[in-house]
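So the structure is just underneath, and the comments pick up after that.
The values are calculated or read from the model by the stated rules, or taken from the named source; none is laboratory data. Keep in mind the model is a prediction, meaning the values are calculated, not measured. For neighbour counting, all protein chains shown are included, and Cβ atoms are generated from backbone atoms with ideal geometry for every residue, glycine included. What goes into the accessible areas is simple: the full protein's heavy atoms, side chains included, and nothing from ligands, DNA or RNA. Shrake-Rupley method; radii C 1.70, N 1.55, O 1.52, S 1.80 Å.
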Amino acid sequence: MVRLAGTPAAAGVLLSVMLLLAGCATPQVAALLEQPPEKLPRQVELAAVPFYPQEAYQCGPAALATAVVHAGATTTPDALVAQVYLPAREGSLQVEMLAAARRHGLIAYRPAPQLRDVLSEIAGGAPVIVLQNLAFSFAPRWHYAVAIGYDLAREEIILRSGTSQRLVMTLSNFERTWARGGHWAMMTLAPERLPATATEDRYLTAVVAMERVAPGPARRAYATALERWPHNLLARIGQGNTAYAMHDLAAAEAAYREATRRHPDAADAWNNLAQTLLELQRRDEALTAAQQAVAIGGPRLPQYQATLKIVSESR
Amino acid sequence: MNTFNRCIARVLIVSTLGMGMPASSLAGIVSTDQISGGAGRVQVKSFLDRAEVQAGLQALGVDSTAAQARVDALSDEEVASLADRIEQMPAGGTDVLGVVLVVFLILLLTDILGLTKVFPFTKPVR
């Protein structure tokens, strides 16, 4: 093989290997076409999704603006440059794309790394930002685009990409570039809207990450989560914590109480209830709750003990 | 000079450690982040990571105010994933034009074969 390098024969081998590869259907596309999800429409295009042609290397801000504006928030690619663009890298990092969406009060949801999930989300009305590696693994050309439609019969996906308002790619071609981008995808959603393919864990991960920067929208998202999964303890406590962060102590108390009612062994809920009651000047009730947390114990016992100490010493 | 600056930065980080610590690390509300991340979360580590990531963003051309706001918007987990590694993370930003000729021809071929998708105008064979 080494001797052949640079000869026409080598080029021939290379070409035939490539042709062979190109002929293969990509795994996710093959599975999808063989057995499309029952409820998945055959063809969808979210034509109302806005288009912001990319300037220079700024596909990150352009793609993000596309999704954020569609979700109902106000921004422009120029405004997003200061939030996601890295001048020296001439690009945008994935985690910063997620973080910037949260700064706009939107849930940054990461769907499962499956083509069928991406298409299901599009069918559910949400454009999906995807990271593609347009060239090779050893010489990457990273690119963000927004998937806004597909056609199963034609085996095509439709993207807002770079300076193309409507870039049509074959699903296989797309899957190759997307697979080299690590199957990375994200959506930006108003907190009242659950993703079409939402799972408890994925959704709550997205909401918890948002609490720091946008407690108000996070609080509404916890309510959305509890509507679907009323028994989720994390969402219940999150509802209390966001209310507490917004100084709505009555709502925080109600959320923690509901958490302790549904999950009597949740020491964290008892502890947070104790702290809230203390601030509501209801020391006796606070003391009972704090003692309950300490009695249950767990990995955060020192914290419960500290709360109990403060409650005991108050007044 | 660089070493000197770094030394100063370290002293500052250590001396201001207590200032940024949420009170919840001692008593009071257990944060949702704490619960979802398990008990092993070390807040000092996260604090140092944040300082490092912010410095990293500034080194890559982001001004200091914007860098601070950007780091604040990241979760502890995301900060940890970036610390030390900003340079290696994929940064999506392909300028779909500017490619040199040789690469152009190779990529054109692979585009047509449906292996890559560098050029908006190619139609791959099926």
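Quick notes on this structure:
- Efficiency of FRET from Cβ geometry, B:L109 and A:A47, R₀ 35 Å, rounded to 0.05: 0.60
- Solvent-accessible area per residue, Å², over chain A with all protein chains present [probe radius 1.4 Å]: 43 Å²
- Using distinct alpha-carbon pairs, which all enter the 1/r mean, Kirkwood radius of the range A:165-315 in Å: 17.3 Å
- Using the Karplus relation 6.51 cos²θ - 1.76 cosθ + 1.60 with θ = phi - 60°, the per-residue 3J(HN,Hα) values for the range A:170-179 come to 6, 4, 5, 4, 4, 4, 4, 5, 6, 4 Hz, with x marking Gly and Pro.
- Chain A contacts chain B over a buried accessible area of about 5200 Å², both sides summed; the probe is 1.4 Å and only protein chains count.
- Surface share of carbon and sulfur [accessible, 1.4 angstrom probe, percent] for the range A:153-273: 49 percent
- Here the Gaussian network model covers chain A, with springs between Cα atoms less than 10 Å apart; of A:F51, A:F136, A:F174, A:F136 fluctuates the most.
- Note on chain A: the alpha carbon radius of gyration divided by the globular reference 2.2 N^0.38 Å gives 1.27.
- Where the Cα pairs of the range B:32-89 fall when distances are cut into 10 Å bins, in %: 24, 52, 20, 4
- Extension gain for the segment A:A112 to A:A190, taken as residue separation times 0.36 nm less the Cα-Cα distance, is 26.2 nm to one decimal.
- nm² value of the averaged projected area, convex hull over the Cα atoms of the range A:110-228: 8.2 nm²
- Here the simple spin-label model places points 7 Å from the Cα toward Cβ, and for A:V168 and A:R261 these points are separated by 5.6 nm.
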